[in-house]
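Worksheet: one structure, shown below.
The values are calculated or read from the model by the stated rules, or taken from the named source; none is laboratory data. Computed from a predicted model, the values in this text were never measured in an experiment. Glycine gets a Cβ as well: all are built from the backbone with ideal geometry, and neighbour counts include every protein chain shown. Side chains are part of the model used for accessible areas, which takes the heavy atoms of the whole protein and leaves out ligands, DNA and RNA. Shrake-Rupley method; radii C 1.70, N 1.55, O 1.52, S 1.80 Å.
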Amino acid sequence: MRPGLLLAVGRPLAVPRPVGPGGSLRAGEGPPPTAIDLETVSVWYGKVQAIHNVGMQIPERRITALIGPSGCGKSTLIRCLNRLNDLIEGIRIEGHIRLHGQDIHDPTLDVIELRKRVGMVFQKSNPFPKSIYENAAYGLRVNGEHRRAVLDQVIEQSLRRAALWEEVKDRLHTNALRLSGGQQQRLCIARAIAVEPEVLLLDEPCSALDPIATAKIEELLYSLKERYTIVIVTHNMQQAARVSDDTGFLLMGELIEFGATDTLFTTPQDARTEAYITGRFG
Amino acid sequence: MTPARPARPGRRPRRFDRIPIWFTGSLLGIALLMIVGLLGLIMARGLGTFWPWPLWEVSVADGTRYLGLVHRTELIPQPAERSESPARRTLYRIGNRDVYGLDFVWVDDAQITHRTRPTEAVVLERLEWGPFYGFVQSVRTPIQAVQDDPARRWETLRRELPPARRRARAIRYIERRVVGNINTAMERHRLALRRLELRHALANPLGQAQQRRHEAAIADLNARYARVAADLRAKRQEDAQSRAVFASIDGHVIDLPMSAIVRVYRPNRLSVPGRVGVYLDRLREFVFDPPREANSEGGVAPAIFGTVMMTLLMSLVVVPLGILAALYLHEYARQGWLVSSVRIAVNNLAGVPSIVFGVFGLGFFCYFLGGTIDHLWFPERLPTPTFGGGGILWASLTLALLTVPVVIVATEEALAAVPNGLREASLACGATKFQTIWRVVLPSAVPGVLTGTILAMARGAGEVAPLMITGVVKLAPDLPIDQVAPFLHLERKFMHLGFHIYDVGFQSPNVEASKAMVYMTTLLLLGVVVCLNLAAMQIRGRLRAKLGGGDV
């Protein structure tokens with residue numbers, strides 16, 4: 001068992017109620033430490049360049065939103081952060097991505113270990129066709145954890161953090177595919193945070209959900225940033241404005257602007273950002 | 001049918017859009033009709049086989065009398081210039097092959113002067129020479145001899161049959177089990193001696209001691225065999241004293257021990273429940289008993305057993321093989337021209353004539369692999385092959401090769417149907433590629449894999465040509481599983497329903513008599529395939545329910 005897990009078990013389960021949408025930003029606390037540092041990152045699919053020289057510092061324990069029109073490279077960029085793009089044939093990534101100072105493309109770094117530290121939730125909710133319990137336990141099981149008591153405890157904790165516990169605690173052993181869409185997406189979040197990652201990546205997690213389920217997930221994100229660095233891709237600007245602390249605007253694979261969310265949305269520096277957020281294209 | 005729709009203004013009614021429906025629908029109808037027709041023909045010809053039809057006594061104008069069953073009738077082919085109304089003739093099965101030589105005779109219906117159903121006529125099914133149609137003449141036991149009154153003769157015969165059957169079973173038990181065990185033990189010692197000889201161990205004192213021990217054991221077994229043989233002789237003599245005498249319609253007499261009677265009944269006196277009883281008993285014999293009389297009588301139990309066992313063995317080999325190959329092709333291999341050509345090659349493999357697989361199986365499995373095994377582990381039995389000839393293992397492996405493309409293609413399709421999101425989700429949780437495949441991808445693909453297995457089993461169970469040269473025989477004395485250690489004899493030859501159909505239908509000395517057996521065997525083979533498929537479909541249905549949101 002990893003030492004981190006022991007710590008995780010020892011943590012208090014209660015999570016403070018999130019501040020409602022549009023709540024205050026943590027202004028005036030000084031610059032937060034950087035969790036992920038991107039330096040001149042470029043990505044090619046074969047001969048097509050999808051990302052051009054992106055550099056940004058994603059701060060720790062805050063929500064960073066990536067916005068931009070469809071096909072601008074948001075998903076490509078976020079999938080670089082846990083090296084999920086490695087699976088795609090013919091892809092080439094240049095530049096440096098550092099997680100807490102460590103280059104994630106370092107050959108001595110185990111990609112499996114990296115993915116345990118950087119969890120991910122996808123656009124389409126994708127629970128495994130197994131029970132709710134087994135879904136939440138998956139990350140621990142592939143890690144070699146088989147002790148029932150530990151699994152029970154971690155599963156309860158992650159389902160509580162994902163605000164799903166009260167709805168499913170009586171039917172943990174029913175098939176996860178019977179849950180509603182919003183519940184499935186929260187289950188995917190629970191599955192991702194069960195292994196105690198440092199960073200949580202969300203790739204348009206609400207695009208297939210109705211407004212109520214979306215609101216629930218947004219509240220949840222707000223509570224989760226107490227513990228995790230969160231990077232969320234969204235093409236919904238209202239959502240970015242509601243939940244995120246920092247926002248990056250991508251266009252045609254280039255990072256046009258990156259800064260605190262309220263600054264970016266009220267006084268954008270670049271004309272293209274302004275055009276996009278006022279709805280003139282995209 | 002459908003009410004005519006009023007033509008809409010400004011648009012011509014579409015007159016031709018029903019044509020494709022009729023066309024496709026009628027083609028499907030033709031296909032269904034052919035299947036139903038085939039099944040109906042098989043059932044109509046097959047299911048009547050075991051019914052105790054009445055025995056007819058027929059007198060012909062020239063004075064000859066026949067006693068037999070109506071087999072079929074037909075119009076007599078006539079020269080074209082004659083314009084009389086066509087005459088019919090009837091094929092009677094008159095049995096009594098040992099007396100007449102032929103057991104069928106054509107009788108012109110016009111020649112028949114007299115046709116009755118004698119109430120005392122009996123059908124006698126016996127161990128040898130096929131059925132006998134005639135009358136009970138006398139019954140003789142060590143205590144009494146009955147020949148006066150037909151009713152008493154019949155009663156005595158019915159009463160004496162069960163003990164005779166018990167005696168026969170006891171004799172068979174000694175012949176097969178007791179003597180068989182002695183023979184097996186002797187063979188083991190003989191092989192041990194041969195092994196010593198091959199190792200040149202007879203020169204040293206240790207080897208000589210072993211040799212003496214084996215020789216003593218063989219002498220001991222010989223003595224035991226002599227005792228058993230004497231016992232057997234006595235039992236046979238006692239059994240031969242209970243006899244029954246039957247007479248044919250034209251006065252030929254046969255005298256046989258009662259233990260040689262399989263079944264005897266008076267079809268013309270049977271009530272409907274009695275007929276149903278005889279029918280069910282013959283059906284039971286067909287399904288559960290071994291064959292008699294060059295497979296034209298008795299049952300097909302060893303063939304059913306061989307078919308099912310071979311199909312299961314084949315599935316056991318082909319499923320892991322197919323899954324592993326498909327996993328590599330779909331999950332691990334870099335998709336490129338090489339993998340594409342491998343895929344094409346696999347698909348083409350499914351089109352290779354099955355006899356070619358048979359020849360390959362004979363050459364590679366039987367002669368090369370089996371021969372090597374014989375040389376390494378069974379040198380003392382040579383030149384008699386152990387694994388070096390056809391056997392159920394080699395036949396199953398050959399069929400596994402034949403059906404592996406089916407499983408590979410089905411598995412690959414099932415793997416392709418697993419959403420990529422599941423793979424990514426698993427990897428994003430920190431699972432390795434193998435964990436992802438083992439815990440997420442493969443469980444989701446299992447229903448598709450089972451579909452492939454069902455197809456492979458259906459194909460394998462119906463295949464005959466490659467089996468004929470890799471281990472199927474027309475009559476296998478022993479099943480591949482029995483109570484002699486090591487219980488599972490994968491090197492043994494076996495019987496198979498498909499080959500049985502070919503053998504009985506086309507290699508039998510008495511084609512007319514065994515034709516009905518062919519239909520029944522076909523029906524049974526179809527039944528076996530349907531059962532195997534239903535079992536696999538049941539499993540697949542449960543797994544689907546589990547994967548698709550049912551309870552886990």
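Taking the criterion of being in contact with a helix residue (DSSP H, G or I) (Cβ under 9 Å, 6 or more places away or on another chain) and at positive phi, would at least one residue in region B:71-78 satisfy it? No, there is no match, as no residue in region B:71-78 is in contact with a helix residue (DSSP H, G or I) (Cβ under 9 Å, 6 or more places away or on another chain) and at positive phi. Among the residues of region A:133-144, the one identified as open to solvent by 10 Å² or more (accessible area, probe 1.4 Å) and more than 9 Å from chain B (Cβ to nearest Cβ) is A:G144. Going through (1) at the interface with another protein chain (Cβ under 9 Å from one of its Cβ atoms); (2) closer than 27 Å to B:A445 by Cα one by one, A:I88 falls short only on (1).
Taken over region A:255-281, the residue count meeting the criterion of being under 16 Å from A:I58 (Cα atoms) and either in a loop (DSSP other than H, G, I, E, B) or in contact with a Gly (Cβ under 9 Å, 6 or more places away or on another chain) (or both) is 6.
Residues in region B:482-498 that are of a type outside the set (D, E, K, R), touching a helix residue (DSSP H, G or I) at 6+ places or on another chain (Cβ under 7 Å) and modelled with pLDDT of 75 or more: B:L490, B:F494, B:M495, B:H496, B:L497, B:G498.
Within region A:220-242, how many residues turn out to be assigned to a loop (DSSP other than H, G, I, E, B) and either under 19 Å from A:A194 (Cα atoms) or open to solvent by less than 40 Å² (accessible area, probe 1.4 Å) (or both)?
5
Against the test of being more than 14 Å from every other protein chain (Cβ to nearest Cβ), farther than 30 Å from B:L47 by Cβ and among the β-branched types (V, I, T), the options B:V404, B:V446 yield a single qualifying residue, B:V404.
Pairs are defined by a Cβ separation below 6 Å, a sequence spacing of at least 6 or placement on different chains, a first member in region B:357-377 that is assigned by TED's automatic domain parsing to the domain that holds B:A465, and a second member that is of a type in the set (S, T, N, Q); the pairs so defined are B:F357/B:T398; B:G358/B:T470; B:G361/B:T398; B:G361/B:T470; B:L362/B:T470; B:D374/B:T386. Residue check: is A:A35 open to solvent by less than 10 Å² (accessible area, probe 1.4 Å) and within 11 Å of another protein chain (Cβ to nearest Cβ)? So A:A35 does not fit the description; no. Annotation: B:E491 fulfils all but one of (1) charged (D, E, K, R); (2) in contact (Cβ under 8 Å) with a residue 60 or more places away in the chain; (3) within 14 Å of another protein chain (Cβ to nearest Cβ); the unmet one is (3). The residues in region B:98-151 that are open to solvent by less than 40 Å² (accessible area, probe 1.4 Å) and either touching a residue at least 60 places away in the same chain (Cβ under 8 Å) or under 23 Å from B:D281 (Cα atoms) (or both) can be counted, and the count is 18. None of A:R280, A:R272, A:R242 is among the basic types (K, R) and closer than 19 Å to A:G73 by Cα except A:R272.
Taken together, B:I392, B:I408, B:I355 contain a single residue that is closer than 30 Å to B:R188 by Cα and either modelled with pLDDT under 85 or not polar (S, T, N, Q) (or both), which is B:I392.
So which residues in region A:118-132 are crowded, with 19+ Cβ neighbours inside 10 Å and more than 7 Å from chain B (Cβ to nearest Cβ), if there are any at all? A:V118, A:V121, A:S125, A:P127, A:I132 - these are the residues of region A:118-132 that are crowded, with 19+ Cβ neighbours inside 10 Å and more than 7 Å from chain B (Cβ to nearest Cβ). Name every residue in region A:217-233 that is within 11 Å of the chain's Cα centre (by Cα) and of a type in the set (V, I, T), in order of residue number. Scanning region A:217-233 gives A:T229, A:I230, A:V231, A:I232, A:V233. Scanning region B:264-273 for residues that are in contact (Cβ under 8 Å) with a residue 60 or more places away in the chain and either in contact with a Leu (Cβ under 6 Å, 6 or more places away or on another chain) or open to solvent by 20 Å² or more (accessible area, probe 1.4 Å) (or both) turns up B:V264, B:R266, B:P267, B:N268, B:R269, B:L270.
Can you confirm whether A:I217 is in a helix (DSSP H, G or I), open to solvent by less than 40 Å² (accessible area, probe 1.4 Å) and farther than 23 Å from B:A445 by Cβ? Steps first, answer last, please.
Working: in a helix (DSSP H, G or I): yes; open to solvent by less than 40 Å² (accessible area, probe 1.4 Å): yes; farther than 23 Å from B:A445 by Cβ: yes.
Criteria met by A:I217.
I'd like to know if region B:118-129 contains one or more residues that are farther than 23 Å from B:A513 by Cβ, assigned to a strand (DSSP E or B) and not acidic (D, E). The answer is no, given that none of the residues of region B:118-129 is farther than 23 Å from B:A513 by Cβ, assigned to a strand (DSSP E or B) and not acidic (D, E). Within region B:506-522, track down each residue that is under 20 Å from B:L467 (Cα atoms) and crowded, with 17+ Cβ neighbours inside 10 Å. Once the filter is applied, which keeps residues that are under 20 Å from B:L467 (Cα atoms) and crowded, with 17+ Cβ neighbours inside 10 Å, region B:506-522 yields B:S508, B:V518, B:T521, B:T522.
Taking region A:60-93 as the range and being in contact (Cβ under 8 Å) with a residue 60 or more places away in the chain and of a type in the set (A, V, I, L, M, F, W, C) as the test, the residues that pass are A:I63, A:A65, A:L66, A:I67, A:C72, A:L77, A:I78, A:L81. The set of residues in region B:480-528 that are within 21 Å of B:L399 (Cα to Cα) and over 12 Å from the mean Cα position of the chain (by Cα) comprises B:P480, B:I481, B:L488, B:H489, B:L490, B:E491, B:R492, B:K493. Exactly one residue among B:R167, B:R194, B:R212 is in contact (Cβ under 8 Å) with a residue 60 or more places away in the chain, in a helix (DSSP H, G or I) and closer than 25 Å to B:P379 by Cβ, and that residue is B:R194. Close Cβ contacts (under 6 Å, 6 or more residues apart or on different chains) running from residues in region B:287-298 that are not assigned by TED's automatic domain parsing to the domain that holds B:I261 to residues that are of a type in the set (S, T, Y) comprise B:S296/B:S508; B:S296/B:S514. The sole residue among B:D250, B:D220 that is touching a residue at least 40 places away in the same chain (Cβ under 8 Å), surrounded by 12 or more Cβ atoms within 10 Å (Cβ to Cβ) and not basic (K, R) is B:D250. Would you mind finding the one in A:D152, A:D110 that is away from every other protein chain (no Cβ under 14 Å), free of Cβ contacts under 8 Å to residues at least 12 places away in the same chain and surrounded by fewer than 23 Cβ atoms within 10 Å (Cβ to Cβ)? Every option except A:D152 fails the conditions.
Each residue in region B:402-451 was checked for being among the β-branched types (V, I, T) and open to solvent by less than 30 Å² (accessible area, probe 1.4 Å), and 11 pass.
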